[in-house]
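The values are calculated or read from the model by the stated rules, or taken from the named source; none is laboratory data. The model shown is predicted, which means the values in this text are computed figures rather than measured ones. Note that we place each Cβ from the backbone using ideal geometry, even for glycine, and neighbour counts take in every protein chain shown.
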Amino acid sequence: MQVTRNTFNDVMVPNYNPAAMVPVRGEGSRVWDQENNEYIDFAGGIAVNVLGHCHPALTKALSEQGNKLWHLSNVFTNEPALRLASKLTNSTFAEKVYFANSGAEANEAALKLARRFSLEHFGENKDQIIAFKQGFHGRTFFTVTVGGQPAYSDGFGPKPGSIIHSEYGNLDMLRELMSENTCAVMMEPMQGEGGIIVPDPAFVKGVRDLCDQHSALLIFDEVQSGMGRTGKLFEYMNLNVTPDILTSAKSLGGGFPIGAMLTTDKIAASLKAGTHGSTYGGNPLACAVAEAVFDVVSDEALQAAVLKKEALYREHLARINEKYDVFTEIRGKGLLLGCALNEKYQGRARDFMVAANEENMMCLIAGTNVVRFAPSLVIPDEDIVEGLARFEKGIAKLVAATDSE
Ligand SMILES: *Cc1c(COP(=O)(O)O)cnc(C)c1O
């Protein structure tokens, strides 16, 4: 059966608008489309393909587990889930893990747990969730309402209640909003979708202190920032601020759908048997792959190499910017980087992404003013250099076209 990009318009719900080419194969940080054109991948499946495409350790884990046991449901536990949870708790503040299938589901569990914990320990008035403008936490109705972009949650009828938003980076505003009724504060320790916003570490410490003062839980959404991307296993380790609940997904599965919510013994106790669940969550296939991801990504040598690769990106991007004057800054950490467009190119991030794609480089945007890179953490240096050379070609054409308008 022949399918093309046009088939998409015929058979798929129009909630996405995918690129013109259809990828069919990937290896490392390179991808090939139906016409066998080759691309360098700086998008990484939106910060998911943490070890690139078809990494041998992940392919091995997937095929071994695929020949053993795929699925059981949570009526039974399984070895890969137990091993993965042990590794996650051994390497973090957490003592307990809940597995889901996506970032949104991990966050949904975190929010439900926070509400339960609050109800049990403080009574029913303490139900307020505070999150941040431009934050992103997924697309279930609860998580998208907690997310800080009303455009994503409007138009679906009555929203879950007792959710308010503060300004990211504004501790005074948060202090004003918090009270004895605050159940939890949910935040990304570095905003991803919102434009690659790295907070002042003092702000994050301040949020922790306010949560302690008001007996509110601090939830870190590390779905995008976690699993080695910022040069540590999780970004909270760079910040030296420990949350009460942490969520992970995206890179955790390296391309296989999985999400996880991590927390302490004391808080976990509020999700008693029967209070929450998922048919697929923690299934052996997903956990076997995630365990293989974890084994590679938890290596400190790999994490140090991430920072070297960041420096290589920054060096080349600075050189490109000297020549074409398109960015105000390169922000982000490790291999989650944002090129913020200057005044002249406001609102045109998508044009830069398309220009890159036309030169056979895949990248992302974060909002309308930031071009985002979230490549594999083991992307070869040659691929970084070659991908940025292609980006430069695209920029040269875009700048020339803009100047001749
Ligand atoms: C992508 C993302 C999510 C949602 O994850 P899904 O797997 O798409 O449900 C949640 N939080 C953050 C910070 C994300 O970047």
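When the stretch 300-348 is filtered for residues that are over 15 Å from ALA396 (Cβ atoms), β-branched (Val, Ile, Thr) and touching a residue at least 24 places away in the same chain (Cβ under 8 Å), only VAL306 remains.
Scanning the stretch 257-272 for residues that are within 16 Å of the ligand (Cβ to nearest atom) and part of a loop (DSSP other than H, G, I, E, B) turns up PRO257, ILE258. If you go through the stretch 209-256 and keep only what is among the acidic types (Asp, Glu), within 13 Å of the ligand (Cβ to nearest atom) and not in a strand (DSSP E or B), you end up with GLU222, GLU235. Considering the stretch 150-173, and only residues there that are in contact with an Asp or Glu (Cβ under 8 Å, 6 or more places away or on another chain) and over 27 Å from LYS266 (Cα atoms), the residue that is farthest from the ligand (Cβ to nearest atom) turns out to be MET173. Of all residues being β-branched (Val, Ile, Thr) and closer than 26 Å to VAL297 by Cβ in the stretch 17-57, which is nearest to the ligand (Cβ to nearest atom)? Just the residue, please. It comes out as ILE46. Return yes or no: is THR328 of a type in the set (Val, Ile, Thr) and in the same structural domain as GLY255 (by TED's automatic domain parsing)? It is false that THR328 is of a type in the set (Val, Ile, Thr) and in the same structural domain as GLY255 (by TED's automatic domain parsing).
Please verify whether the stretch 192-201 includes one or more residues that are away from the ligand (no atom under 15 Å from the Cβ), surrounded by fewer than 24 Cβ atoms within 10 Å (Cβ to Cβ) and more than 27 Å from GLU176 (Cβ to Cβ). Within the stretch 192-201, none of the residues are away from the ligand (no atom under 15 Å from the Cβ), surrounded by fewer than 24 Cβ atoms within 10 Å (Cβ to Cβ) and more than 27 Å from GLU176 (Cβ to Cβ). The single residue among GLU64, GLU27, GLU79 that is charged (D, E, K, R) and in the same structural domain as ASP351 (by TED's automatic domain parsing) turns out to be GLU27.
Quick check: anything in the stretch 273-282 more than 18 Å from SER376 (Cα to Cα), polar (S, T, N, Q) and crowded, with 23+ Cβ neighbours inside 10 Å?
No, that holds for no residue.
Among the listed residues ALA366, ALA355, ALA374, ALA401, identify the single one that is among the small types (Gly, Ala, Ser) and either free of Cβ contacts under 8 Å to residues at least 40 places away in the same chain or in the same structural domain as ILE196 (by TED's automatic domain parsing) (or both). Result of the check over ALA366, ALA355, ALA374, ALA401: ALA401.
Within the stretch 179-190, can one find any residue that is surrounded by fewer than 20 Cβ atoms within 10 Å (Cβ to Cβ) and not hydroxyl-bearing (Ser, Thr, Tyr)?
Yes, there is a match, as at least one residue in the stretch 179-190 is surrounded by fewer than 20 Cβ atoms within 10 Å (Cβ to Cβ) and not hydroxyl-bearing (Ser, Thr, Tyr).
None of GLY338, GLY347, GLY367, GLY332 is in a loop (DSSP other than H, G, I, E, B), under 21 Å from the mean Cα position of the chain (by Cα) and at pLDDT 95 or above except GLY367. Scan the stretch 350-364 residue by residue and report those that are hydrophobic (A, V, I, L, M, F, W, C), under 20 Å from ILE379 (Cβ atoms) and in a helix (DSSP H, G or I). PHE352, MET353, ALA356, listed by residue number. Each residue in the stretch 121-145 was checked for being on the phi > 0 side of the Ramachandran plot and within 12 Å of the ligand (Cβ to nearest atom), and 2 pass. Comparison of GLY277, GLY281 shows that the only residue that is farther than 28 Å from GLY44 by Cα and part of a loop (DSSP other than H, G, I, E, B) is GLY277.
When VAL97 is tested against (1) closer than 28 Å to PHE142 by Cα; (2) more than 19 Å from the chain's Cα centre (by Cα); (3) more than 16 Å from the ligand (Cβ to nearest atom); (4) not basic (Lys, Arg), only condition (2) is not met. Search the stretch 173-223 for residues being acidic (Asp, Glu) and within 12 Å of the chain's Cα centre (by Cα), and hand back the single one that is farthest from THR263 (Cα to Cα). Checked the stretch 173-223; the qualifying residue farthest from THR263 (Cα to Cα) is GLU193.
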